[in-house]
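First up is the structure itself, then whatever we jot down about it.
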Amino acid sequence: MGMRSKSLLFSCIFLFCCASQARGVKSIEIHEYGKSRDAEMAGACKKFRPTVKQVRNFFLRAYPVEGYMLSHERYSSCYATGALKFDDGSSGTWKLSSSGVATFIFTRGDVVTLYYKNNKWYDPFACTYGLGDVGEC
């Protein structure tokens, strides 16, 4: 392959990557945080207080996963809720677990489970996730 062909190929790949970027987040509301599905963990979950910046980062980086991630592999009783608008006009409500798994319900009713691991908020269950004997940190 000649130098000109390589240059053209690189340019096409670069343009494709730039054109396929994820949508941006226009606005985020946090309705509640520090909540728990388990009364025994309510005290620990009060420390789960993600900021708007952290939630924005989550939704910009999260990717779709199967629902079992929320109920089994990365279960946490701690959660926050809110609403989000994307810059493409779509919007909905979310329920975000301290484990980095969220359920997003679009205004028209479609539901997606999202996951992003490298979050900066406090998670009372950090290093306990995974289906094996050793927790995942």
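Since every read-out is calculated from the coordinates, none of them should be taken as a lab result. All figures in this text were calculated on a predicted structure; none of them were measured in a lab. Ideal geometry is used to build each Cβ from the backbone, glycine not excepted, and the neighbour counts take in all protein chains shown.
Annotations
- Potential extension, residue 49-residue 117 segment - 0.36 nm per residue separation minus Cα distance: 22.8 nm
- Residue 37-residue 91 FRET efficiency (beta carbon distance; Förster radius 35 Å; 0.05 resolution): 0.90
- Loop-located trypsin sites (Lys or Arg not before Pro) in segment 53-137 whose Cβ has at most 12 other Cβ within 10 Å (DSSP): 108, 117, 120
- Loop-located GluC sites (Glu not before Pro) in segment 33-137 (DSSP state other than H, G, I, E, B) with a sparse environment of at most 14 neighbouring Cβ atoms within 10 Å: 66.
- Rounded FRET efficiency, nearest 0.05, which uses the C-beta distance separating residue 83 from residue 126 and R0 of 41 Å: 0.95
- Taking a straight Cα-Cα cut-off under 19 Å and skipping sequence neighbours fewer than 8 places away in the same chain, the lysines within cross-link reach of residue 85 are 26, 53, 95.
- Rg over Rh for segment 58-137 works out to 0.99, using Cα positions for both radii and the Kirkwood form for Rh.
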